[in-house]
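To keep things clear, I will list the structure first and then write my remarks on it.
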Amino acid sequence: MDPQVKRLVAVGAAAAANCRPCLEHHVPQCIRAGIPETDIRQAIETGFQVNRGAHAKTHDYVETVIGQAKKDSDENATARKCCC
């Protein structure tokens with residue numbers, strides 16, 4: 001993969017993950033590498049779009065989990081195993 005593309009992917013991933021330290025690290029690297037600001041902003045916007053999509057799907061899933069938990073509670077079912 002081209003080094004500039006890798007830098008832009010890192011910026012987009014940092015934006016998607018809401019990681020300020022990563023953005024503070026990768027954005028200046030992009031600028032020093034001569035990547036146009038429009039490309040950096042586009043990578044960030046793409047990351048934000050991924051984040052919004054993941055948020056929306058998780059929000060929908062929470063409603064499913066709450067509904068299932070209410071059903072399980074109503075049926076006196078045992079709690080599902082949790083990873084923590």
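The values are calculated or read from the model by the stated rules, or taken from the named source; none is laboratory data. Quantities reported herein were computed from a predicted structural model and do not represent experimental measurements. Glycine also receives a Cβ, built like all others from the backbone with ideal geometry; neighbour counts cover every protein chain displayed.
The table below gives the values:
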{"quantity": "Pairs where the first residue, in the range 28-42, is free of Cβ contacts under 8 Å to residues at least 60 places away in the same chain and surrounded by 14 or more Cβ atoms within 10 Å (Cβ to Cβ) and the second is in a helix (DSSP H, G or I) and of a type outside the set (Val, Ile, Thr), C-beta under 6 Å, 6+ apart", "calculated": "Gln29/Arg7; Cys30/Arg7; Ile35/Gln4; Ile40/Cys30"}
{"quantity": "Filter result (β-branched (Val, Ile, Thr) and not in a helix (DSSP H, G or I)) within the range 1-47", "calculated": "Ile35"}
{"quantity": "From the options Ala79, Ala43, Ala54, Ala69, residue that is aliphatic (A, V, I, L, M) and at pLDDT below 75", "calculated": "Ala79"}
